[in-house]
Amino acid sequence: MPLPALLEQRLRLPVVAAPMFLVSNPALVLACCRSGIVGSFPALNQRESSGLRGWLEEIAGGLDETAAPYAVNLIVHGSNPRLQADLAICVEQRVPIVITSLGAVKEVVDAVHSYGGLVFHDVTTRRHAEKAAAAGVDGLIAVAAGAGGHAGTWSPFALIAEIRQFFDKTLLLAGCLNHGHEILAAQLLGADLAYLGTRFIATHENGASADYKQMILDAQAADIIHTPAVSGVPASFMRQSLERAGYDMARLRNRGEIDYGEKLKPVDDEARAWKTVWSAGQGVGAIADLPTVEALVTRLDHEYRVAHRQAQQLQPRRPG
């Protein structure tokens, strides 16, 4: 589908670097946008709303008209006491793209639309996608099986196919995307943009610790555990960090309790957990280095162009 005017002709690659809790920061966002892809961060990565305004001013001041737009992720859940304050700041600062999670609310969408911004919403099932579409979002992020963070369990083939039955706006695909040919594959499935998270943890510019980055280099797909035990919402974490934090591996399927207000407390157990229990997607086994964002995007761009040429050379087999 055609991209919204805000994105048309402004992207070097059809890529959004996903917002990652306690990882994404202004340095990562600026590096992504200057390299020609959408950079993003969760509002809750700033511990207070006043700090969020400062980050937005820093990002806006560091970008010119040649850069790609940026995005802010808002948790639209009843337990997030900062939602209204953070939304008001996003409207005040005219954030180009707002990514909403854990709730698609028309009032939030209308607030962002009031100044011409876009709203993309995370979904893991058709039901979630239908609710978000009804709320008037501009794009859906299909978080498929194998993705990092709060991931779903549906195959990308099933998730994209069902969403496209009723949604003709911008569609993004998340889950195990590390290379340029995989970005093209996402588009061939029916997505407009690829949504990459784990690959951007393993870059120079972000808030992840050196140990976190090294664990991503060392991990394989079999090390990724999908469990609701850490945050109350099913999410993907590296087994090594769960074991090191003392989690009982036999009890990881016990449901936790969702409370985003608790994330704001500096000594909260869950906040500590996210600092020491590290999320990643099943694509970790294909990540082998820690480049700068610019070097990574340049590589992705080359791989994407090569994949285009190779795809054009493919010919369907003739019977007999």
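The values are calculated or read from the model by the stated rules, or taken from the named source; none is laboratory data. Note that the structure is a prediction, hence the values are computed from the model and not measured. Glycine also receives a Cβ, built like all others from the backbone with ideal geometry; neighbour counts cover every protein chain displayed.
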Can you tell me which residue within the range 282-309, out of those that are in a helix (DSSP H, G or I) and among the small types (Gly, Ala, Ser), is surrounded by the most Cβ atoms within 10 Å (Cβ to Cβ)? Gly283
Could you pull out the residue among Phe120, Phe166 that is touching a residue at least 12 places away in the same chain (Cβ under 8 Å), of a type in the set (Phe, Trp, Tyr) and under 23 Å from Val29 (Cβ atoms)? Phe120
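Listed here are the residues, each with its yes/no results for (1) at pLDDT 95 or above; (2) in contact with a strand residue (DSSP E or B) (Cβ under 7 Å, 6 or more places away or on another chain).
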| site | (1), (2) |
| --- | --- |
| Ala18 | yes, yes |
| Val29 | yes, yes |
| Glu48 | no, no |
| Ala88 | yes, no |
How many of the residues making up the range 208-217 are outside any loop (DSSP other than H, G, I, E, B) and closer than 11 Å to Ala280 by Cβ? 5
Restricting attention to the range 203-240, which residues are in contact with a Leu (Cβ under 7 Å, 6 or more places away or on another chain), hydroxyl-bearing (Ser, Thr, Tyr) and within 20 Å of Leu28 (Cβ to Cβ)? Thr203
Going residue by residue through the range 178-191, is there one that turns out to be out of contact with any helix residue (DSSP H, G or I) (no Cβ under 8 Å at 6 or more places or on another chain), surrounded by 24 or more Cβ atoms within 10 Å (Cβ to Cβ) and not basic (Lys, Arg)? no
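Taking Asp138 as the residue in question, decide whether it is free of Cβ contacts under 8 Å to residues at least 60 places away in the same chain and not polar (S, T, N, Q). Explain how you work it out, then say what you get.
Details: free of Cβ contacts under 8 Å to residues at least 60 places away in the same chain: no; not polar (S, T, N, Q): yes.
No; evaluated as a whole, the condition is false for this residue.
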Can you tell me which residue within the range 197-207, out of those that are part of a loop (DSSP other than H, G, I, E, B) and either surrounded by 21 or more Cβ atoms within 10 Å (Cβ to Cβ) or among the acidic types (Asp, Glu) (or both), is nearest to the chain's Cα centre (by Cα)? Gly197
Can you name the residue in the range 237-253 that is under 25 Å from the mean Cα position of the chain (by Cα) and not in a helix (DSSP H, G or I) and is also modelled with the lowest pLDDT among such residues? Arg253
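Taking the criterion of being modelled with pLDDT of 75 or more, among the acidic types (Asp, Glu) and either in a loop (DSSP other than H, G, I, E, B) or in contact with a Ser or Thr (Cβ under 8 Å, 6 or more places away or on another chain) (or both), would at least one residue in the range 262-271 satisfy it? Break it down stepwise before answering.
Kept after step one, since they are modelled with pLDDT of 75 or more, are these residues of the range 262-271: none.
Looking through the range 262-271, none of the residues is modelled with pLDDT of 75 or more, among the acidic types (Asp, Glu) and either in a loop (DSSP other than H, G, I, E, B) or in contact with a Ser or Thr (Cβ under 8 Å, 6 or more places away or on another chain) (or both).
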Could you identify the single residue in Gly103, Gly54 that is touching a residue at least 12 places away in the same chain (Cβ under 8 Å), out of contact with any strand residue (DSSP E or B) (no Cβ under 6 Å at 6 or more places or on another chain) and among the small types (Gly, Ala, Ser)? Gly103
Options Ala174, Ala208, Ala185, Ala147: the member that is in contact with an Asp or Glu (Cβ under 9 Å, 6 or more places away or on another chain) and under 28 Å from His302 (Cβ atoms): Ala174
Restricting attention to the range 13-51, which residues are small (Gly, Ala, Ser) and touching a residue at least 40 places away in the same chain (Cβ under 8 Å)? Ala17, Ala18, Ser24, Ala27, Ala31, Ser35, Gly36, Ser40, Ala43, Ser49
